[in-house]
1. What length, rounded to one decimal in nm, is gained on full extension from residue 146 through to residue 133, with 0.36 nm per residue of separation minus their alpha-carbon distance?
2. Excluding same-chain residues fewer than 8 positions from residue 48, which lysines have a Cα within less than 17 Å of its Cα?
3. If I model a spin label as a point 7 Å beyond the Cα along the Cα-Cβ vector, how far apart are those points for residue 87 and residue 11 in nm?
4. How much space per residue, in cubic angstrom, does the convex hull of the C-alpha atoms of region 84-185 take up?
5. Within region 152-182, which residues have the backbone N less than 13 Å from the label spot 7 Å out from residue 206 along Cα→beta-carbon, could you tell me?
6. Under unit Cβ charges (Lys, Arg +1; Asp, Glu -1), what dipole magnitude, rounded to 20 debye, does the chain have relative to its Cα centre?
7. Starting at the first residue of region 31-45, write each ³J(HN,Hα) from the Karplus equation 6.51 cos²θ - 1.76 cosθ + 1.60 with θ = phi - 60°, in whole Hz, x for Gly and Pro.
8. Using 18 Å as the cut-off for backbone N distance, which residues of region 16-35 belong to the label zone defined by a point 7 Å from the Cα of residue 77 along Cα→Cβ?
Amino acid sequence: MLETPCHLLYEGKAKKVYTTTNPEHYIVEYKDDATAFNGVKKATLQGKGTLNNRISNYLMQYLQTQGVPTHLVRELTPARALVKRLTMFALEVIVRNLAAGSMAKRLGLQEGSPFEAPVLEFCYKNDALGDPLINEDHALALKLASPSELQTLRALALRTNTLLQAYLEDRGIILVDFKLEFGKDAQGQVVLGDEISPDTCRFWDAQTRQKLDKDRFREDLGDVCQAYEIILEKISHA
Ligand code: UDP
């Protein structure tokens, strides 16, 4: 069935979401806009949208083959994907293999120090509050998920980490950390939504430890889209 956008449901910092003629499907359109530090830093990076769409679809397809349910139905155009409609949890699930970003800063850790086991964090998705870090008791108190749903989120996030870490390591990329968002489909199954891209993950070149992700934008390192292109090229290797 040919699915075309009906009306714009939501426009975020990096994506637009459209309804379609099929009530079970949405269309996600990736924008070239880049923002950091809760929207304080902004730019337009020509080509970023199509790179993120292709990278995210590639990685989601791989996860799907490994038994992680994702919202991806199929890629529609270079910047658009057809996805399952989900009711999203107001949670961000972050998994970290090496210290970086907010955790390194908050806990005084050197960027790049490894952890013996992955560190999992939950943040409350709330722009006005700046998506604060919360623990599982907070998530339960705020009724953001049930105890069994939290267990499922944790298990799916850790499984995703194991799969992606190995997949990327084989292609010369270190998975430093990443953020996932989940929702529930019409059948009540917990499904991975949102995106998996250099905007939402930290990727380092395994050989040079060069940053190949949004930190290039956050830290004014330049060549942002060139780095995203390297990621696409590396992950699409068999
Ligand atoms: N992240 C994200 N969206 C957010 C916050 C974090 O995609 O709103 C990703 C970020 O790109 C990194 C990981 O989650 O790969 C951990 O981010 P961190 O908590 O270190 O925050 P940041 O340094 O991005 O403020």
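1. Once the chain is fully extended between residue 146 and residue 133, it gains 2.9 nm.
2. Of all the lysines, those that pass the test against residue 48 - Cα under 17 Å, at least 8 places apart if same chain - are 13, 15, 16, 31, 211, 214, 234.
3. Here the modelled spin labels are 2.8 nm apart.
4. Spelled out: Cα convex hull of region 84-185, divided by residues, is 123 Å³.
5. Output list for this probe position: 164-176.
6. 160
7. My calculation for region 31-45 gives 9, 8, 6, 10, 9, 8, 6, 6, x, 6, 9, 9, 6, 10, 10 Hz in order.
8. 16-22, 26-33
Quick note: the coordinates plus some simple rules give every number you see, no bench work behind them. Quick caveat: nothing in here was measured; it's all calculated off a predicted structure. Please note: Cβ atoms are built from the backbone with ideal geometry, for glycine as well, and neighbour counts cover all protein chains shown.
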